[in-house]
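Enquirer: To start, I am sharing the structure in question, which I have written as structure tokens.
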Amino acid sequence: MRTTSDRIRHAISFELVGLALVIPLGALAFAMPVSDIGVVGIGSATIATLWNYLYNIGFDHLMQRIVGTTQKSLAIRVVHAVAFEAGLLLVLMPFIAWYLGISLWQALVMDVAFALFYMVYAFVFNWTYDRIFPVAAWKTN
């Protein structure tokens, strides 16, 4: 399993790289000021960082108990990314609607767009992270 410091490095680097991509792309896609998307992005990233840490430690404990390892196959990575984004979507939608002064429907559309972006991003980021920082126990498998 990953150490606490490794999990913190993972969560922070995930959010920083994600923000650097999503703020300008979101402002462009939704024709909104970068500052508004920036506040939504930073607020969402703060919430997502906490969710990321809790979700990943819970997911790893569940994997360890069920399959005996935290090494993820392609199928498990897809399940991991989809479940992460679904939970985050439910938490972020009211925040987005409130801050931007838009309807829940508009916030849902925006949140789904962000979730789709982050689902692909999470898959690529996590796979890359695992290759750069593998867990020592994986080397014996």
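The values are calculated or read from the model by the stated rules, or taken from the named source; none is laboratory data. Everything numeric here is computed off the predicted structure, so don't read it as measured data. Positions of Cβ are generated from backbone atoms using ideal geometry, with glycine treated the same way; all protein chains shown enter the neighbour counts. Keep in mind that these areas ignore ligands, DNA and RNA; they rest on the heavy atoms of the full protein, side chains included. Shrake-Rupley method; radii C 1.70, N 1.55, O 1.52, S 1.80 Å.
Enquirer: Scan segment 68-88 for residues that are part of a helix (DSSP H, G or I) and open to solvent by 40 Å² or more (accessible area, probe 1.4 Å) and jot them down. Please lay out each step first, then the result.
Expert: So in segment 68-88, the residues part of a helix (DSSP H, G or I) come out as 74-88.
Matches in segment 68-88: Leu74, Ala75, Ile76, Val78, Val79, Val82, Ala83, Ala86.
Enquirer: Only one residue in Val109, Val40, Val91 is modelled with pLDDT under 90, in a helix (DSSP H, G or I) and of a type in the set (Val, Ile, Thr). Which one? Steps first, please.
Expert: Details: Val109 fails: modelled with pLDDT under 90; Val40 fails: modelled with pLDDT under 90.
Just one listed residue meets the conditions, Val91.
Enquirer: Moving on. How about segment 113-132: which of its residues are surrounded by fewer than 14 Cβ atoms within 10 Å (Cβ to Cβ) and closer than 15 Å to Ser44 by Cα?
Expert: Across segment 113-132, the qualifying residue is only Leu116.
Enquirer: Same structure, new question: Name, by its number, the condition in (1) over 19 Å from Ala11 (Cβ atoms); (2) in contact with a His (Cβ under 7 Å, 6 or more places away or on another chain) that does not hold for Pro94.
Expert: That leaves (2) as the condition not met.
Enquirer: Regarding Met1, is this residue closer than 18 Å to Asn126 by Cβ, surrounded by fewer than 17 Cβ atoms within 10 Å (Cβ to Cβ) and among the aliphatic types (A, V, I, L, M)?
Expert: yes
Enquirer: Right, next: Looking at segment 21-55, which of the residues that are open to solvent by less than 70 Å² (accessible area, probe 1.4 Å) and among the small types (Gly, Ala, Ser) is nearest to the chain's Cα centre (by Cα)?
Expert: Ala48
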